[in-house]
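The values are calculated or read from the model by the stated rules, or taken from the named source; none is laboratory data. Keep in mind the model is a prediction, meaning the values are calculated, not measured. Positions of Cβ are generated from backbone atoms using ideal geometry, with glycine treated the same way; all protein chains shown enter the neighbour counts.
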Amino acid sequence: MPIKKIYNNTVARKISEFVKSNIDVVVFFVILCVKLVSYGKSISPEYFDPSVIIPIIASLLLLCSFAFLLKNKARIRYLLIVDTLISAFIIADLVYFRYYKDIITVSVIRDAKLLMGVKDAVIGLIKVNDFIYILDIVIFIPVLKIYYKKVNVRVQSIIARIITFIMIFAVGTVVDAKTFKRVSVEQPTLLTAMSNRIYLTKMIGNLNFHIVDAFNFTSTKIKNSKKLPESEEKKVKSYLENNTSKTNSQFTGIGKGKNLIMIQVEALQGFTINQKINGKEITPNLNKWVNKSMYFDNYFYQVAGGNTSDAEFMSLNSLYPAQSGAAYYTYGGNTLNALPKELGEKGYYTAALHGYTEGFWNRNVMYKTEDFNDFFGQSKYNHDENVGLGLSDKSFLNQSFDKLQKFKQPYFSFLITLSSHYPFNDVKGYENGMDTLDVGSYKDTLFGDYLEGIHYTDKQLGDFLDKLESSGIANNSIIVIYGDHFAIPKQNINDLYKFEGSTSTDDLAWYQYQKVPLLIHFPKDANKGQNHTYAGQMDLYPTIANMFNLKNNYMFGKDIFNVANRKVTFRNGSFTDGKVFYVSWTNTYYDIKTGSKISETPELKNMKDSSSRELEYSDELLNHNLIKAWTTK
């Protein structure tokens, strides 16, 4: 027999024996590879890059290598545990992505108890298809038992297993190292800042992402326990000092001595304003107040993992949300120059009002940190009517109006509504004489439920605002109303595109629908009209600070009325200046006017870098509690 044929037969036999001896590891590797590739396509079907299969394979090789050090039941137990954990993370990632358009992190898992209050919303995001990811776990053990009974498997020696471990571990390490090096060259801060988690996951794979996240979480905790270098602290402080410079003094001091009534409306999106369905206005009451107020139609939400609480955090502090998790949970012990604190120093009585449980989103702690005089939470309301998660907006706003009438003036009241919370399917009150909204073909869809839900909340807001006006409170108050975050998840966006008649479905179109209304009502309907300035939730506090003559030393946002060269930066690193929109997860620039993609220029690169730097500075300020350091020196 020719030597070549003998060699080939020997190699084939050895490969066959290796596979037979390690069939459990081989099956484990193949199944998880399919799962992770399928997951990647699920979160980014338009932009899934097959090149991510390489880091997926590398990360699985690293996990598989340890299995070769074990044998028999110990090995199967190891593989089963790893398979279960990875499958659980995949399902958690999918569910989290459907709502937040992001990847779950260690910080989010740490704050998981906050999801208990919205468990119905979470359950509504789980699909039957998700359970395919755990199907193999059910059949894994019995199939392997049958295999080992039928086939005479020869267990490799300990030396052979160690050699195999070293070889496979080395291959996985080298491939992963090359992947990380490529990412660090293309996006220098992405692996550490993780400002764009979707894009990072598409480049390094789900397993590597969670490993990097866990490493960053741990190293950040260690780093933050140490004092920030003085040179870095000076950079942050200098940046903030230069950030608040004004070009005009429009509306400065206009709110002096007046009440400030701020209403954060759950899931109120901009596309509902002045819009009809089947001939009927979706938000007739807000539409009426839009015409009596200064209305900002290019106002973006900038929330991250903290969602509603992030909207509060930005609006009250003009600091960016936490890099991961919820700022209200992570920074409850920080020193902040929050809006209620600054107004309190001006002699204002300050109160937060919300009909849900006080501890949700850590509000009972955070409102003390922000220096509210009082927090009227669930225990301070009569729960006579529930809608969705808790006390109905109708009852909440009626009871809140009664409280406002007793407040000592001037006061700052911060109200957060609840009834229009996802999944929008428990709106009551129509049977009590309320005008119903016919959503036609959208009936019993998430989009249709949302329209009905926001129509209900609009009615309650209208009644509340009319009471403020008829009682005379509005004559001595500046009233601010804004939406907190998106209502329609990306997986349901096609219904919105259909409703709007939108022919474009790219990332620019998606972002253009991530606007929320902002209304500022002045006494006697003064200064009414539309303002087309591009702005975001970070800019609300600086704007109010100008109107009420408050200090604005430590704000990353900018006064909407008086600061030129504006830019809205999102927590994931995307940004817009009103002319260009940069989408971070695809590293793509769009010309807003034409809707076309444009190439990166040095100027655009500088804008992208400045957004990353601003996010980094905000993180350093919060992680090292710099406001405390600066105000106690």
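Which residue is modelled with the highest pLDDT, if the candidates are limited to the stretch 84-100 and must be under 16 Å from Lys41 (Cβ atoms) and of a type outside the set (A, V, I, L, M)?
Asp93
When the residues of the stretch 462-512 are filtered to those that are part of a loop (DSSP other than H, G, I, E, B) and within 19 Å of the chain's Cα centre (by Cα), which remaining residue is modelled with the lowest pLDDT?
Filtering first and then ranking leaves Pro489.
Which of the residues spanning the stretch 330-350 are assigned to a helix (DSSP H, G or I) and either charged (D, E, K, R) or under 12 Å from Leu622 (Cβ atoms) (or both)?
Selection gives Thr330, Lys341, Glu342, Glu345.
Can we say Leu353 is in contact with a Leu (Cβ under 7 Å, 6 or more places away or on another chain) and part of a loop (DSSP other than H, G, I, E, B)?
So Leu353 does not fit the description; no.
Does Lys127 meet the test of being basic (Lys, Arg), modelled with pLDDT of 70 or more and within 16 Å of Phe209 (Cα to Cα)?
So Lys127 fails the test.
Residues Ala327, Ala352: which one is crowded, with 23+ Cβ neighbours inside 10 Å, over 23 Å from Lys237 (Cα atoms) and of a type in the set (A, V, I, L, M)?
Going through Ala327, Ala352 in turn, the sole match is Ala352.
Among the numbered criteria (1) under 30 Å from the mean Cα position of the chain (by Cα); (2) surrounded by fewer than 24 Cβ atoms within 10 Å (Cβ to Cβ); (3) over 24 Å from Lys558 (Cα atoms), which one does His532 miss?
(3)
Tell me, yes or no, whether the stretch 545-563 has at least one residue that is out of contact with any Leu (no Cβ under 9 Å at 6 or more places or on another chain), in contact (Cβ under 8 Å) with a residue 60 or more places away in the chain, crowded, with 21+ Cβ neighbours inside 10 Å and assigned to a strand (DSSP E or B).
no
Scan the stretch 1-28 for residues that are at pLDDT 85 or above and either of a type in the set (Gly, Ala, Ser) or surrounded by fewer than 19 Cβ atoms within 10 Å (Cβ to Cβ) (or both) and jot them down.
Val26, Val27
Name the pairs: first residue in the stretch 618-633 and among the aromatic types (Phe, Trp, Tyr), second residue outside any loop (DSSP other than H, G, I, E, B), Cβ to Cβ under 7 Å, at least 6 apart or on different chains?
Listed by first residue and then by second, the contacts come to Trp630/Lys237.
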